[in-house]
Structure formats: C-alpha cells, structure tokens
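These notes are about the structure you will find just below.
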Amino acid sequence: DIQMTQSPSTLSASVGDRVTITCRASQSISSWLAWYQQKPGKAPTLLIYKPSNLESGVPSRFSGSGSGTEFTLTISSLQPDDFATYYCQQYQTYPLTFGPGTKVDIK
Amino acid sequence: EVQVVESGGGIVQPGGSLRLSCVASGFSFTNYWMHWVRQVPGKGLVWVSRVNSDGTNTKYADSVKGRFTISRDNAKNTVYLQMNSLRGEDTAVYYCARDRFAGDGVFDPWGQGTLVTVSS
C-alpha cells in the first residue's frame with residue numbers, strides 16, 4: 001500500500017496568513033493526488049485534484065502543486081472559513097489512501 | 001443539486017450484520033463509480049470499497065475483504081454496503097462518495113455520513 005504522510009499535523013495561524021501544508025507519498029504517485037477539506041461534524045469536500053486543478057467553486061486562494069512523492073497545498077491568505085482539517089489522498093493505486101490530516105486552527 | 005445520502009447506520013453487536021444504503025440524485029448515476037469511505041470519530045479517513053458503474057467490478061480494503069460486500073441498483077440510484085461479521089474496529093462514520101472522474105478515485109461529492117457502532 002502507498003503510505004501518505006502530512007506535515008505539520010497541526011498548524012496555528014491567523015487570518016491573512018499564508019499557509020502551506022506538505023503531503024508526501026511513500027512511492028511515486030505521479031500527479032494522482034487530491035486535497036479535501038473537512039470541518040467538524042461535516043463530510044469532507046474536494047478542493048483540488050491532479051494536483052493543481054481547483055474544483056469548481058473553490059476560492060482561488062487555494063492552490064496545489066507537486067509531483068512524484070512531494071506535494072503542497074497553499075492557502076494564500078487564510079480566511080475565517082478556512083479553519084478546518086485538510087487531507088491529501090492518492091489515487092494512483094488501490095487501496096486508495098489518505099494522509100493523516102492537518103488541522104488548521106486559530107492562533 | 002448533485003448529492004448522495006446515506007442511511008442504515010446504527011448499533012450492532014459484534015458478529016452482527018448491517019446494510020448501509022446510499023441514494024444518489026442530481027446526476028446520471030449509471031455513469032459513475034461509487035465508493036464507501038469510513039472515519040472513526042476524531043480520526044482520519046479510510047477508503048473501504050468501490051463499485052464500478054454497472055456493478056460488475058468491485059474492490060475492497062484488506063480490512064473488510066470477505067466480510068463486506070458493495071453492490072448497486074441502478075434502477076433505484078442506490079449503492080449498498082452489506083457488512084457482516086462486524087467487529088469493534090468497524091465502528092466509524094461511513095461516507096458514500098461519487099467517483100468524480102470516470103473511475104479514477106477522486107471523491108466528490110460525499111454524503112453526510114451514517115454512524116455505525118459495533119458494541120455489546
């Protein structure tokens with residue numbers, strides 16, 4: 001199975017900050033990576049796929065990059081609605097696997 | 001509106017069975033693969049199973065293989081997860097999700113989830 005890791009596990013930031021989350025795969029997954037946002041008590045929602053394509057309706061302050069084994073999710077200017085947990089997910093190979101999540105909370 | 005809605009969760013004893021349902025609407029269900037993903041409250045996301053668009057091909061996580069069965073009824077726009085021989089470690093919120101892009105494994109949208117608790 002492909003193992004996904006994320007860093008940091010928790011990130012404390014302020015509104016307006018630039019935030020970067022890193023996701024690493026245990027082997028190359030080319031560009032087959034997606035990012036999801038999950039708020040407490042809610043289902044995840046798709047933010048970005050492959051790994052820089054913004055899902056329709058997602059604000060342009062979100063961006064993704066990377067290939068192979070290292071990927072990043074960047075929020076250019078953190079907004080109050082962005083405080084949530086973010087998961088990366090590889091879809092190169094079954095079983096599909098997620099990173100452990102990065103919680104972005106208020107500093 | 002494109003949406004999927006799960007039902008069927010509840011409390012079941014170890015060794016018991018439960019069937020989850022997921023009804024889809026707002027899109028052409030027969031064209032999309034479907035997945036189940038679970039999440040222990042407070043923990044991360046784990047992919048469980050997927051079925052292709054006509055129900056002829058399925059995949060499972062090793063942790064549920066031989067115990068869970070995914071299926072679909074395209075006439076009812078519904079995907080099912082039959083869970084047998086349930087264990088405590090199967091306790092989780094179970095999400096149904098559409099495969100966003102012709103079976104490549106990106107999940108969108110997700111349902112609201114249904115909680116399965118395995119406990120005596």
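Do we have B:Lys76 as in contact with a strand residue (DSSP E or B) (Cβ under 8 Å, 6 or more places away or on another chain) and more than 24 Å from A:Gln89 (Cβ to Cβ) here? Please lay out each step first, then the result.
Numbers: in contact with a strand residue (DSSP E or B) (Cβ under 8 Å, 6 or more places away or on another chain): yes; more than 24 Å from A:Gln89 (Cβ to Cβ): yes.
So B:Lys76 passes the test.
Need at least 3 residues that are in contact with a Gly (Cβ under 9 Å, 6 or more places away or on another chain) per element, so show me which strands (runs of 3 or more DSSP E) inside region A:1-65 make the cut, counting only ones lying wholly within it. Steps first, please.
Values: elements: A:4-7, A:10-13, A:19-25, A:33-38, A:45-49.
Counting at least 3 such residues, we get A:4-7, A:19-25, A:33-38, A:45-49.
Specify which of the listed residues (A:Gly99, A:Gly64) is modelled with pLDDT of 95 or more, within 11 Å of chain B (Cβ to nearest Cβ) and within 14 Å of the chain's Cα centre (by Cα). Let's see the steps before the verdict.
Working: A:Gly64 fails: within 11 Å of chain B (Cβ to nearest Cβ).
Selected residue: A:Gly99, the only one of A:Gly99, A:Gly64 that is modelled with pLDDT of 95 or more, within 11 Å of chain B (Cβ to nearest Cβ) and within 14 Å of the chain's Cα centre (by Cα).
Can you name the number of the only condition in (1) farther than 18 Å from B:Tyr95 by Cβ; (2) away from chain B (no Cβ under 11 Å); (3) surrounded by fewer than 14 Cβ atoms within 10 Å (Cβ to Cβ) that A:Lys39 fails?
Among (1) farther than 18 Å from B:Tyr95 by Cβ; (2) away from chain B (no Cβ under 11 Å); (3) surrounded by fewer than 14 Cβ atoms within 10 Å (Cβ to Cβ), A:Lys39 violates only (1).
Please go through region A:8-26 and give me each residue that is within 15 Å of A:Phe98 (Cβ to Cβ) and among the basic types (Lys, Arg), ordered by number.
Within region A:8-26, A:Arg24 is the sole residue that qualifies.
What do you reckon, is B:Gly103 modelled with pLDDT under 95 and over 22 Å from A:Gly41 (Cα atoms)? Outline the logic, then answer.
Numbers: modelled with pLDDT under 95: yes; over 22 Å from A:Gly41 (Cα atoms): yes.
Yes.
State the number of residues belonging to region A:72-94 that are surrounded by fewer than 18 Cβ atoms within 10 Å (Cβ to Cβ) and at the interface with chain B (Cβ under 8 Å from one of its Cβ atoms).
The number of residues fulfilling the criteria is 1.
Just one of (1) at the interface with chain A (Cβ under 10 Å from one of its Cβ atoms); (2) free of Cβ contacts under 8 Å to residues at least 24 places away in the same chain; (3) of a type in the set (A, V, I, L, M, F, W, C) trips up B:Val37, so point out which.
Just one mismatch for B:Val37, condition (2).
So which residues in region B:22-60 are outside any strand (DSSP E or B) and either among the hydroxyl-bearing types (Ser, Thr, Tyr) or within 15 Å of B:Leu115 (Cβ to Cβ) (or both)?
Going through region B:22-60, the residues outside any strand (DSSP E or B) turn out to be B:26-33, B:40-44, B:52-57.
Answer for region B:22-60, where residues must be outside any strand (DSSP E or B) and either among the hydroxyl-bearing types (Ser, Thr, Tyr) or within 15 Å of B:Leu115 (Cβ to Cβ) (or both): B:Ser28, B:Thr30, B:Tyr32, B:Val40, B:Pro41, B:Gly42, B:Lys43, B:Ser53, B:Thr56.
The values are calculated or read from the model by the stated rules, or taken from the named source; none is laboratory data. This structure is a prediction, so every number in the text was calculated from the model and none was measured. Here Cβ is always computed from backbone atoms with ideal geometry, including for glycine, and neighbour counts include all displayed protein chains.
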